[in-house]
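What follows is a single structure, written as structure tokens, with notes after it.
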Amino acid sequence: MAGKLTILDFAKMKSDGRKIVMVTAYDAAFAAIFDEAGADMLLVGDSLGMVVLGLPDTLSVTMEDMVRHTGAAARGRKHAFLVADLPFMSYQASIPEAVRNAGRLLQAGAEAVKLEGGRTMEATIRAIASCDIPVMGHIGLTPQSVHRMGGYRVQGRSEAQAARLIDDALAVQEAGAFAVVLEGMPSGLASEITERLSIPTIGIGAGGGCDGQVLVMHDLLGLFDAFRPKFVKRFGELKGPVKEAALAYADAVRTGAFPDEDHSF
């Protein structure tokens, strides 16, 4: 496997036409697995609120949650580039607060931060990037704006919405972001944005024309059933085998079959 990946590698991957593989990870064990499998980027997403902490959305995730899980994931990976989400209200209130919180995530082990928003976040992205903290943008369906959008709805279907998202993407790039996530938008629009930008685009529910793709690990492994977005492909169904192992363990304990002599001192 190649050495440690950096933002320079992702710029070259875009220019060379090589797809970027990104997946979420929230602890050392899974970060190590995805790292060994060759993931280019790992994202400590605020999606941990739903898939790890059992919250109804991402809005209750705190900086303390993100710092703890970022540190855990950082200790598990060797080669992949680690990005951490700035959670809701950790960067919207003021630019100085956004810069401080971005710094906290880098101190925890991240190599870049991700925040949601386009033109409205231009000054914030610029301020964080000016402190030599790499920033990944995120436009389209932005989960922290779920109430404004009226739910988790595809964005950019109308001509006006599409024009706004193109402007958002250009603003993120102009502000100094090294990459941008395109979520929940028509594939044709995502392809157009990808062609117009010089920085890599990472798609999630945005079709195959992006420079890379990201999925939540619990979705791709078949471990999350609360809802299944259309764009999710489950590359494994691990919930069943895990449950079977737990049932076998419980039965062995109750019958006295475990621990036996081989597992006793």
- line: Of the conditions (1) crowded, with 22+ Cβ neighbours inside 10 Å; (2) touching a residue at least 60 places away in the same chain (Cβ under 8 Å), the single one that L223 does not satisfy is (1)
- prompt: Out of segment 188-230, which residues are within 25 Å of S158 (Cα to Cα) and charged (D, E, K, R)?
  reply: E192, E195, R196, D211, R228, K230
- request: Scan segment 76-105 residue by residue and report those that are of a type in the set (A, V, I, L, M), more than 24 Å from L182 (Cβ to Cβ) and in contact (Cβ under 8 Å) with a residue 24 or more places away in the chain.
  value: I95, V99
message: Condition first: among the β-branched types (V, I, T), at pLDDT below 95 and buried (at least 16 other Cβ atoms within 10 Å of the Cβ). Can you find one or more residues in segment 229-249 that meet it?
response: yes
query: Here are some residues: G156, G151, G137. Which one is in the same structural domain as I95 (by TED's automatic domain parsing), on the phi > 0 side of the Ramachandran plot, of a type outside the set (S, T, N, Q) and in contact (Cβ under 8 Å) with a residue 12 or more places away in the chain?
result: G156
- line: Apart from one, (1) hydroxyl-bearing (S, T, Y); (2) at pLDDT below 95; (3) touching a helix residue (DSSP H, G or I) at 6+ places or on another chain (Cβ under 9 Å) all hold for S145; the odd one out is (3)
The lone exception for G208 - which of (1) surrounded by fewer than 16 Cβ atoms within 10 Å (Cβ to Cβ); (2) more than 16 Å from I20 (Cβ to Cβ) it fails: (2)
field: Scope segment 86-110; condition surrounded by fewer than 22 Cβ atoms within 10 Å (Cβ to Cβ) and among the aromatic types (F, W, Y); matching residues
entry: F88
- prompt: Within segment 13-31, is even one residue in the same structural domain as L106 (by TED's automatic domain parsing), more than 24 Å from I199 (Cβ to Cβ), β-branched (V, I, T) and buried (at least 23 other Cβ atoms within 10 Å of the Cβ)?
  reply: no
- prompt: If you scan segment 183-228, which residues turn out to be of a type in the set (D, E, K, R), farther than 29 Å from L170 by Cα and at pLDDT 95 or above?
  reply: D219
query: Which members of segment 197-228 meet the condition of being not aliphatic (A, V, I, L, M) and not in a loop (DSSP other than H, G, I, E, B)?
result: T201, G203, G212, Q213, H218, D219
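The values are calculated or read from the model by the stated rules, or taken from the named source; none is laboratory data. Owing to the predicted nature of the structure, the values given are computational and were not obtained by experimental measurement. Positions of Cβ are backbone-derived with ideal geometry, glycine not excepted, and every protein chain shown enters the neighbour counts.
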